[in-house]
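The values are calculated or read from the model by the stated rules, or taken from the named source; none is laboratory data. This is a predicted model, so every value here is computed, not measured. Neighbour counts run over all protein chains shown; Cβ positions are idealised from the backbone, glycine included.
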Amino acid sequence: MIAKTIRLTGSSPDSMEDAVRTVLARAAATIADITRWDLVRAGGKVDDSGVPTEFEVTIDVTFAIRDAVEHG
């Protein structure tokens, strides 16, 4: 199997887990055969009192490369 890895970033107002799920769901809408993800970076924004207001993740998404289809 040959695989390709791409780096994607996304966010959620709710949690880091939701941010990861959001990125993966969006990726799965256009990429087939996703096999894994790895967290590269996690961060976010806070309000004036230090309460998190946005959770942002950067993940590497790996997916299988399909064999070329021969037309004959």
Next item on the list: Those residues that are outside any strand (DSSP E or B) and acidic (Asp, Glu), I need them from region 12-57; list them, please.
Entry: 14, 17, 18, 33, 47, 48
Check: With 59, 31 as the choices, which residue is of a type outside the set (D, E, K, R), out of contact with any helix residue (DSSP H, G or I) (no Cβ under 8 Å at 6 or more places or on another chain) and either surrounded by 13 or more Cβ atoms within 10 Å (Cβ to Cβ) or at positive phi (or both)?
Finding: 31
Notebook entry, point to check: Got a number for residues in region 8-22 being farther than 13 Å from residue 42 by Cα and within 8 Å of the chain's Cα centre (by Cα)?
Noted result: 2
Note to self: Six or more apart or on different chains, Cβ atoms under 8 Å: show the pairs whose first residue is in region 15-30 and within 15 Å of residue 58 (Cβ to Cβ) and among the β-branched types (Val, Ile, Thr) and whose second is exposed (fewer than 12 other Cβ atoms within 10 Å of the Cβ) and at pLDDT 95 or above.
What the structure shows: 20/39
